Amino acid sequence: MALNRMISLFGPPEPTLLDKLKTSVSKTKSVLSETVDTIFQGERRISPALLKELETALLSADLGVTPTREILEALREKMDRNALSNAEELKREIKAHIVRILTESRSVNVFQERASLNGHGPRVIFVVGVNGAGKTTSIGKLANRLKQEGLNVVLCAADTFRAAAIEQLEIWAQRNGIEVIKQKFGSDPAAVVFDAMAAAKARGADAVIVDTAGRLHTKSNLMIELEKMKRTAAKVIPGAPHDVLLVLDATTGQNGLAQARQFTTSVGVTGIILTKLDGTAKGGIVVAIARELRLPIRFVGTGEQINDMVPFDAQTYADSLFN
């Protein structure tokens with residue numbers, strides 16, 4: 001608290017998690033919250049016709065068919081009991097259901113634990129996703145967060161197929177003041193993983209983040225290669241990888257859900273990093289992923305700077321949509 005007071009004396013306070021999420025979901029908010037307000041103009045009472053308009057708004061925000069149906073069924077039940085009478089009550093009920101869906105997929109946040117405490121060496125985090133989703137940038141931001149938590153982090157440049165990938169990861173490593181293990185362009189990615197695991201273990205690192213080649217979720221040969229990289233990591237560090245984080249571009253909407261489903265089937269995704277949430281009105285994809293795949297959203301990218309990544313929180317997300 002004293003630090004917060006000191007900051008307020010010398011400059012504007014840092015944006016809170018709610019502030020950052022509000023900015024990121026502003027386009028989605030305009031679809032949901034403002035639509036609810038519009039529906040209630042003229043003091044309309046809740047009716048089947050009104051719920052039909054709300055259904056359109058929820059689907060337009062990409063909440064998905066199943067979550068939308070569940071929310072509407074709960075609203076109808078309250079409507080039948082005359083338990084909903086205005087826009088604020090309706091928003092509150094929608095928020096409660098969104099939080100419930102997101103909370104069901106929540107898992108322990110391993111990033112709050114010192115990775116070396118598992119007794120077998122560094123915690124190994126594979127980061128996967130398709131080209132253009134913001135994978136390398138997300139790795140740089142994640143490394144920054146872990147370092148701020150006092151962890152010793154090593155990066156692994158296992159994307160050897162894209163000419164600029166190694167250089168981009170090196171830039172992020174320099175910005176974070178951490179080491180990156182690499183080989184030359186075109187090298188065997190599994191060999192790079194082996195070197196990185198051995199180096200991280202020898203240096204007593206707490207975490208090693210592996211950058212993998214961007215791959216289409218429909219390319220089976222690339223998925224097989226990713227499995228080889230996982231097996232290689234496990235030979236050096238038992239249980240590795242301990243996390244497989246899928247970077248998804250929020251602007252892809254339901255296609256992102258298809259990507260998540262295939263990656264989960266192929267490589268066992270344990271969580272999602274959602275990027276470009278500020279660039280879409282389809283931020284409800286967060287809810288669709290949680291409901292359909294039971295995967296937790298671990299982090300949300302909120303901008304282009306190194307600190308523009310926030311841990312995802314269900315209640316804060318719901319509040320940012322409607323408050």
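Just so it is clear, none of the values below were taken in a lab; they were calculated from the coordinates. Only a predicted model underlies this, so the values are computations on that prediction, with no experimental measurement involved. Glycine gets a Cβ as well: all are built from the backbone with ideal geometry, and neighbour counts include every protein chain shown.
Students often get this wrong, so check it: of LYS147/LYS184; LYS141/LYS230; LYS91/LYS276; LYS182/LYS230; LYS201/LYS230, which have C-alpha atoms separated by over 20 Å?
Details: LYS147/LYS184 26 Å; LYS141/LYS230 23 Å; LYS91/LYS276 25 Å; LYS182/LYS230 17 Å; LYS201/LYS230 16 Å.
Over 20 Å apart, Cα to Cα: LYS147/LYS184; LYS141/LYS230; LYS91/LYS276.
Once both labels are positioned 7 Å from their Cα atoms along Cα-to-Cβ, the gap between ARG92 and LYS235 label points is 6.0 nm. Modelled label positions at LYS52 and ILE224, each set 7 Å beyond Cα in the direction of Cβ, lie 5.2 nm from each other.
Report relative contact order for region 175-323 in percent, whole number only (criteria: Cα-Cα under 8 Å, sequence separation at least 6).
Once divided by the residue count of region 175-323, the mean separation gives 15 percent.
Taking the fewest neighbouring Cβ atoms within 10 Å as the starting point, the ordered list for LYS230, LYS182 is LYS230, LYS182. Region 153-211 and region 61-96 have Cα centres lying 47 Å from one another. Does region 265-323 come out rounded, prolate or oblate by the C-alpha gyration tensor, with a ≥ b ≥ c the root eigenvalues, rounded set by a/c under 1.5 and, if not, prolate when a/b is larger than b/c and oblate if not? It is oblate, given that a/c is not under 1.5 and a/b is not larger than b/c.
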